[in-house]
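Notes for the one structure printed next.
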Amino acid sequence: MDLTKARKTPLFDVFEKYGGKVVDYAGWALPVEFEGLIPEHEAVRKAAGLFDVSHMGEVTVKGPEAFKFVQKLVTNDVSKLKDNQILYAMMCYEDGGTVDDLLVYKYADDYYFIVINAGNVDKDLEWIKKQSQGYNLEMVNLSDQTAELALQGSAAQTILQKLTDKNLEELAFFYCARDVEIAGVNCLISRTGYTGEDGFEIYVDPDKAVHIWEKLFEVGEADGLKPVGLGCRDTLRFEAALPLYGNELSPDVSPLEAGLGYFVKLDTDFIGRDALARQKEQGLRRKIVGFEMKDRGIPRHGYKVYAGENEIGHVTTGYFSPTLKKSIGLALIDADYASMGGTILIGIRKKKAAAEIISKRFYSKKYKK
C-alpha cells in the first residue's frame, strides 16, 4: 500500500515500535490495529486503550458575536452551556441534510472550540467560514497545530491521574479543563470519547504528542493499557450506537432520520431548522434501526435490506460484535418497516438472511455520571 502521499500525524514514527498496521484513512496514514481488533476492543471494554486521533479537525470561534454565530451554526442549544462544558451537535444544510456532527467546547460566551471529523475538515471549514460572513468574530483553524490522543476505558482515570496534579475525579462527563499539566506538558483535556466507556481526550502541541503517548504507556501498562487502532474505534462506537459520518449521517440523511432528535432543538434558530421541523411534522419516511441477525452471516456497510422482495434500505454499519458475540447492525430503512421486533432481510452475497429489529442500544454506556 502506497502511503507516501498520505498525511502523517505527529505519532506516525511510533506506530511501528508498537506494532501498528498502518492504512490510508481519509487521506491519513493511521493504524487500523496493533495487536488485533478483538484484543484491542476488549482492552477498552475491560481496562484501557490509547488512540491517536490527531487527524481530527479543530477550529476556534472567538469574538463579540461568537455565541450568536455558533448557536445559528449547530442543531443543539448552545445557550445552555456553562463555561468549559461541551455539547454534541450537528451542522445541517438548509434542506436538513447533515454537513457533519461535531463537539462544541465553550470556553466563554465569546470563545468556542469546535472539533470536527477528519474526512470533513476542508468541507467543514469552508462551510463554517461561509456561514460566518457578516458576524463580528474571528475563526482560526488549529488542526495542524493540534495533536489529539484518546485514552478510553474504565482504567483511564487511574492511568491519567498518575501524570497530573489535576484532580480528575472533579472533571465531569462532557466537561473540559484547559492548561492542565500532563507529564510536564500543558494540555487541554476533556472527559469525552467515542467508545461508550469513561475516558479522556487530550489535546496537545504536535511536538509533545510522542512524549505524552510514551509517558501514558510507562504508567499505564500495569493497568492493562494497550495501543488501539481505528478498527476497534469503529466496533466500540458502533456497539454504543454512536453515529459515524458517512454511515449513519450524510448530506442525504438528516439528524432526525439518524435517530439523533435529542440533539436537535427546534426551538432554537439554526441553519436547516425549518426543513427539520417540516420533516418532524410530516413524519419521518426513513429511520435508522438496530437489528440482530437470525440467519448466519455478517452484515456489512452498504448491504441492501429487504422486506420480502421489496428493497427498503441499506445497512449503515454491521459487525460481529466482539462484546455481545453476535452479528448485529444498524440500517436506514423505510419507516413503515421499522417496528421493533419486526423481521427484515439482509442481502448477504447472493442470499437474503433474516434479521430481527431490536433496540439500537446494543451496549450500556459506562460514562462517568
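No value in this document is a laboratory result; all are computed from the given coordinates. Note that the coordinates shown come from a computational prediction; the quantities given were computed from them, not determined experimentally. Using ideal geometry, Cβ is built from the backbone for each residue, glycine included, and neighbour counts are taken over all protein chains shown.
May I ask what percent, to the nearest 5, of DSSP beta bridges between residues of the stretch 57-133 are antiparallel? Taking every DSSP beta bridge within the stretch 57-133, about 100 percent pair in antiparallel fashion.
Here the chain is scanned for GluC sites (Glu not before Pro) in DSSP loops (not H, G, I, E, B) that have at most 14 other Cβ atoms within 10 Å, and the longest stretch holding none of them is 95-308.
Springs between Cα atoms under 10 Å define the GNM used for the chain, and in it the highest mean-square fluctuation of ARG237, ARG349, ARG191 occurs at ARG349.
Shown is the FRET efficiency for ALA307 and LEU125, computed with R0 = 51 Å from the Cβ-Cβ distance and rounded to the nearest 0.05: 0.80. Counted by neighbouring Cβ atoms within 10 Å, the residues LYS72, LYS5, LYS326, LYS294 run from fewest to most as LYS5, LYS326, LYS294, LYS72.
With a ≥ b ≥ c taken as the square roots of the eigenvalues of the C-alpha gyration tensor of the chain, please select rounded if a/c is under 1.5 and otherwise prolate if a/b is larger than b/c or oblate if it is not? In terms of gyration-tensor shape, oblate. Figure legend: label point modelled 7 angstrom from the Cα of SER364 along Cα→Cβ; no residues of the stretch 192-213 have amide N under 11 Å from it. Here the gap between ASP83 and ASP165, fully extended at 0.36 nm per residue and compared with their Cα-Cα distance, gives a gain of 27.4 nm.
For the stretch 104-257, lysine pairs with C-alpha atoms less than 25 angstrom apart, excluding pairs fewer than eight positions apart on the same chain, total 13.
Relative contact order for the chain using alpha-carbon pairs under 8 Å, separation at least 6, rounded to a whole percent? Reported relative contact order: 18 percent. Taking every DSSP helix (H) stretch of at least 4 residues in the chain, weighting each as -39,500 (n - 2.57) and dividing the sum by the residue count yields a mean residue ellipticity at 222 nm of -5500 deg cm²/dmol.
Could you tell me the relative contact order of the stretch 57-133? Use alpha-carbon pairs under 8 Å, at least six residues apart, and round to a whole percent.
Numbers: 128 pairs, mean separation 25.6, N = 77.
It rounds to 33 percent for the stretch 57-133.
The distance between label points at GLN145 and ASP13 comes to 2.3 nm (points 7 Å beyond Cα on the Cα→Cβ vector).
Maximal additional length on extending the ASP95-LYS215 stretch stands at 38.5 nm, based on 0.36 nm per residue less the C-alpha distance.
Projecting the Cα positions of TYR319, ILE344, VAL14 onto the charge dipole of the chain (unit charges on Cβ atoms of Lys, Arg, Asp and Glu, taken about the Cα centre) puts ILE344 furthest along the positive direction.
Pull out the extension gain between GLU138 and ASP267, defined as 0.36 nm times the separation in residues minus the alpha carbon to alpha carbon distance; nm, one decimal. Write down the numbers at each step before the final one.
On the way: separation 129, 0.36 × 129 = 46.44 nm, distance 2.68 nm.
Gain on stretching GLU138 to ASP267: 43.8 nm.
Simple spin-label estimate for ALA108 and GLU281 gives 4.1 nm between the two label positions (7 Å along the Cα-to-Cβ direction from each Cα).
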